[in-house]
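Everything below concerns the one structure shown next.
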Amino acid sequence: MHSPGVCGVILAAGSQVGAPSGGKDAQSKTKAEALGELIGALNGDTEMVLVVLGADAESLAPAVWARAAYIVQIPAAASDADALRVALQEVLNRGRDAALVASLDNQGLDNQGLTAETVHRMVAAYCAAGDEIWAVVPEAEIGQGHPVLMGRTMIELFLRGQKWSAADEILSANLEHVC
């Protein structure tokens, strides 16, 4: 069984305040609203939430602080892989052994985004899993941008491996360790 020391991580570096979150109609949520909802979904079953922000950190900071989350600032020109590396290193720096990683860009407007129920199921599945399970995904098929709960072994593989440019690549290469 794994320790429940899971840290929520939101990759939001490419977001823009006031920009629609995934939809094109006038009733679309702003990035700040979607960010607040995603932090809320993670807060229930994780010990802390880290939000990775780029150039828009100042604009999105109120949405982060209102939900008692922490900002991890990265350079505006950082790639998605760089943002993930910084976030995962920060998880380890803060004494946590697992990270539930979600992208703000995938927080859908049609209730298809990450929910508190999905977070709860993923954390429970990870905590109940044996040492042979290094990651948990909410769906049978691993897709880019899907939320993933990565344990310490998977985090360290990603941080040490220069060939990984996305979480789905390392997950696909280690399917026998993914639940």
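The values are calculated or read from the model by the stated rules, or taken from the named source; none is laboratory data. All figures in this text were calculated on a predicted structure; none of them were measured in a lab. In this analysis, Cβ positions are derived from the backbone assuming ideal geometry, glycine residues included, and neighbour counts consider all displayed protein chains. Just so you know, the surface numbers come from the protein's heavy atoms only, side chains and all, with ligands and any DNA or RNA stripped out. Shrake-Rupley method; radii C 1.70, N 1.55, O 1.52, S 1.80 Å.
Residue under question is LEU50, and the condition is that it be buried (at least 22 other Cβ atoms within 10 Å of the Cβ) and touching a residue at least 40 places away in the same chain (Cβ under 8 Å); does it hold? So LEU50 passes the test. The set of residues from region 79-93 being surrounded by 15 or more Cβ atoms within 10 Å (Cβ to Cβ) and either more than 15 Å from VAL148 (Cβ to Cβ) or in contact with a strand residue (DSSP E or B) (Cβ under 8 Å, 6 or more places away or on another chain) (or both) comprises ASP80, ASP82, ALA83, LEU84, VAL86, ALA87, LEU88, GLU90, VAL91, LEU92.
Take ASP25 and decide whether it is in a loop (DSSP other than H, G, I, E, B), of a type outside the set (Val, Ile, Thr) and modelled with pLDDT of 90 or more. In short, no. Collect the residues in region 60-78 that are open to solvent by 50 Å² or more (accessible area, probe 1.4 Å) and more than 25 Å from ASP45 (Cα to Cα), keeping them in residue-number order. Across region 60-78, the qualifying residues are PRO75, ALA76, ALA77.
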